[in-house]
1. Given labels modelled 7 Å from the Cα in the Cβ direction, how far is it in nm from A73 to E36?
2. Taking DSSP loops as anything outside H, G, I, E and B, show the longest stretch in the chain free of GluC sites (Glu not before Pro) there with at most 14 other beta carbons within 10 Å.
3. To the nearest 10 square angstrom, what accessible area does Y33 show with a 1.4 Å probe?
4. Anyone know which of D141, D44, D69 comes out most mobile in the 10 Å Cα GNM of the chain?
5. For M1, M14, M113, M81, write out the residues from largest to smallest accessible area, computed with a 1.4 angstrom probe and no ligands counted.
6. With each run of n ≥ 4 DSSP H residues scored as -39500 (n - 2.57), what mean residue ellipticity at 222 nm is computed for the chain after dividing by its residue count and rounding to the nearest 500 deg cm²/dmol?
7. Considering only protein heavy atoms, what is the solvent-accessible area of H125 at a probe of 1.4 Å, reported in Å² to the nearest 10?
8. Once you charge only the Cβ atoms, +1 for Lys and Arg and -1 for Asp and Glu, what is the size of the charge dipole of region 2-62 about its Cα centre, to the nearest 20 debye?
Amino acid sequence: MKRYCTILTPLGEMIAAVEQEHLCGLWFVGQKYAPEHFREWLPDPDHQVFTALRGQLGAYFAGQLRRFDLPVAPRGTPFQMAAWALLRTIPPGTVTTYGALARQLAPEREGRMTSARAVGGAVGHNPISIVIPCHRVVGADGSLTGYAGGLERKTALLTLENVANLKISI
């Protein structure tokens, strides 16, 4: 049974989900692909993972934490899981492109290249926002494109991480 809690952040309220002892979801309320049925899960705001998550999110938004150290268990297709694993390798304060991620995924796909668009679909369905840093992926020309939580939040997250030369494309 999934457990959930809501967490207030400077960028809005978020829904967090835990299954067993692993964070399996973190979405902004109302973001694209956020679960609508989370209230059917067991509310458990004092769960140890949620306590750790609140502390780490607070430190992150205060500029005191660069990498999250939480047990995560996102669920998705093998392709999505591979893309989300790559997201976790993007250093804080930097960005990469959907095309660069596609090239990095080729060896796992027996050398077959995948499209930047397919990578964008996987990145967009990342179920653990911020902790798995999908906000660090930009368009080929450096423009801020796509973010299930909204481009305003993506801009705020990258600004918080001191990413220079943001190019916003709406």
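The values are calculated or read from the model by the stated rules, or taken from the named source; none is laboratory data. All of these numbers come straight from a predicted model, not from anything done at the bench. Here the Cβ is made from the backbone with ideal geometry for all residues, glycine too, and neighbour counts use every protein chain on show. Heads up: the accessible areas ignore ligands, DNA and RNA and are worked out on the full protein's heavy atoms, side chains in. Shrake-Rupley method; radii C 1.70, N 1.55, O 1.52, S 1.80 Å.
1. Those two pseudo-labels are separated by 2.7 nm.
2. It runs 37-109.
3. Rounded to the nearest 10, that gives 110 Å².
4. Highest fluctuation among the options: D141.
5. Values: M1 155, M14 0, M113 105, M81 75 Å².
The residues order as M1, M113, M81, M14, largest area first.
6. Numbers: 5 runs with 51 residues, N = 170.
The helix contribution divided over the chain gives -9000 deg cm²/dmol.
7. Surface open to solvent at H125 totals about 80 Å².
8. That gives a dipole near 140 debye.
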